[in-house]
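The values are calculated or read from the model by the stated rules, or taken from the named source; none is laboratory data. Treat the numbers as computed from the prediction; the structure is a model and nothing was measured. Because the Cβ atoms are built from the backbone with ideal geometry, glycine has one as well, and the counts that use them run over all protein chains shown. When the accessible area is computed, the model is the full protein with side chains, heavy atoms only, and any ligands, DNA or RNA have been set aside. Shrake-Rupley method; radii C 1.70, N 1.55, O 1.52, S 1.80 Å.
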Amino acid sequence: MKKLFLFMLLGCGSVASMAQDFTTKQEVVKQMRLANDYFMEKWPDPGKTIITNKERRGNIWTRGVYYEGLMAFYKIDPTKRYYDYAVEWGEKHDWKPVRGEVYTRHADNQNCGMTYIDLYRIDPQPVRLEAIKANIDSVISSGRYNDWTWIDAIQMAMPIFVKLGVTLNDTKYFDYMYKMYHHIKYVEGGNGLYNPEDKLWWRDKDFVPPYTEPNGEDCYWSRGNGWVLAALALVLQELPTSDPHYAEYLADFKNLAEGVAPLQRPDGFWNVSLHDPNHFGGKETSGTALFVYGMSWGINNGILDKATYLPIVEKGWTAITSEALQPNGFLGYVQSTGKEPKDGQPVTVDKMPDFEDYGLGCVLLAGTEIYKMVE
């Protein structure tokens, strides 16, 4: 394994030199409110379609990720308008996957179901659960488990399976979830999209070797690996420890955190290309926020070593809130949608990405765990 990046972080400071009270609960909530209020004021109608290069329904995956973050934020800042905003979003989309395609197999189209399930748990109206349950049941009954061909899909859909399994007390969802995870990890693209040598994931089959970055390294996309770390955190926080595959998910979570940690930039961000800092290098918020979320969740739950990961988390959250978060609530340095480092470039502090929602969702997830961490 090439060792180009081991110098970048882990030896740069002890936890004793890092202030565990680098922020306060009040400050974290203030920052998250600022970012969230900016978005809610800009999008007062949660049923409104999204128009960029074309018109899309307002419950596509980008918006689904935002509502994931909002529901997490709601748990620490239980403001009624957050809940109402999420319920109205579900109602205006009939509590169905994207475009009302109840039997879609595409993970992006299923992502909204995560929030539907969370809202069902708060108020168990059957309509909130029916369509997403029918959708996942149809996937299971098909017997086909090769739908996840890109690593983003792990975050878009995998937590839905575990949430349904817990909500309905039915392990069939856990069992089928593993079949799909096993395929993408070990089979997709020839030998799977996970590289145990570097402890990182290739985005899809287009990036497995012999594909390389300009510096000759494997191509590992920051946000893609962030999706996986976040998804594993979401799965582990609900999956019973008695599940036969719990240990594998836990090991994969720890290994991915270990693979990502030394690649942090000195300023606290991560580059879009994890192993080639000169290939569209620069600050990027969405991948950084996902890594901060996963690592801070790991610390909070005693899974990741605090002495090792707290300095990383502190630097990452400080970078987001001091450099990416602007006075009006706009989030800078968010790479637009895509699949690799060159997409959505240049990434700058004042450039608006093609969608503003998923970056905010990632930051709200991260902020929620930072809030829990602060003593």
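Selection among Asn271, Ala157, Pro44 by position relative to the dipole of the chain gives Pro44 as farthest towards the positive end (Cβ unit charges, Cα centre). Taking a ≥ b ≥ c as the square roots of the Cα gyration tensor eigenvalues, with a/c under 1.5 meaning rounded and otherwise prolate when a/b beats b/c, else oblate, which class fits the range 111-150? Taking the square roots of the gyration eigenvalues as a ≥ b ≥ c, the range 111-150 is oblate. Among the GluC sites (Glu not before Pro) in the range 60-99, none is located in a DSSP loop while being surrounded by at most 16 other Cβ atoms within 10 Å of its own Cβ. Expressed per residue, the C-alpha convex hull volume of the range 272-375 stands at 106 Å³. If R0 equals 25 Å, the separation of the Cβ atoms of Lys80 and Thr49 corresponds to a calculated FRET efficiency of about 0.45. Rolling a 1.4 Å probe over the protein heavy atoms gives the chain an accessible area of 38 Å² per residue.
For Leu325, the amide hydrogen comes within under 5 Å of the amide hydrogens of Gly332, counting only partners 5 or more places away or on other chains and with H modelled in the peptide plane. Note on Ser141: accessible area approximately 100 square angstrom, rounded to 10, probe 1.4 Å, nucleic acids and ligands left out. Distance distribution P(r), the range 143-255, all Cα-Cα pairs, bin width 10 angstrom from 0: 14, 48, 28, 8, 1 percent. Residues Ile140, Ile160, Ile122 ordered from highest to lowest accessible area at a 1.4 Å probe: Ile122, Ile140, Ile160. Of the GluC sites (Glu not before Pro) found in the range 211-279, those in coil by DSSP whose Cβ has at most 16 other Cβ atoms within 10 Å are Glu238. Taking 15 Å as the cut-off, the amide N atoms of the range 149-180 that come nearer than this to a point 7 Å along the Cα-to-beta-carbon line of Lys205 belong to 149-151. Mark the label point 7 Å from the Cα of Glu197 along Cα→Cβ and return the residues of the range 250-268 whose backbone N is within less than 18 Å of it. In the range 250-268, the label zone of Glu197 (backbone N under 18 Å from the point 7 Å along Cα→Cβ) covers 256, 259-260.
For the range 212-360, the convex hull drawn through the C-alpha positions has a volume of 114 cubic angstrom per residue.
The lysines whose alpha-carbon is closer than 26 Å to the alpha-carbon of Lys75, local same-chain residues fewer than 8 away aside, are Lys25, Lys30, Lys42, Lys48, Lys92, Lys96, Lys133, Lys163, Lys254, Lys306, Lys315, Lys372.
Calculated mean residue ellipticity, 222 nm, the chain: -15500 deg cm²/dmol, from DSSP H runs (n ≥ 4) at -39500 (n - 2.57) each, averaged per residue and rounded to 500.
If the chain linking Asp175 and Lys342 were pulled fully straight, counting 0.36 nm for each residue of separation and taking away their Cα-Cα distance, it would gain 56.4 nm. Over the chain, the Kirkwood radius and the radius of gyration, each from Cα atoms, give a ratio Rg/Rh of 0.94.
Projecting the Cα atoms of Gly367, Gly143, His183 onto the dipole axis of the chain, where Lys and Arg carry +1 and Asp and Glu carry -1 at the beta carbon, places Gly143 farthest toward the positive end.
In loop segments of the range 35-82 as defined by DSSP, the trypsin sites (Lys or Arg not before Pro) with at most 15 further C-beta atoms inside 10 Å of their C-beta are Lys48, Lys54. Remark: the Asp137-Arg121 segment gains 3.9 nm on full extension, using 0.36 nm per residue and subtracting the alpha carbon distance.
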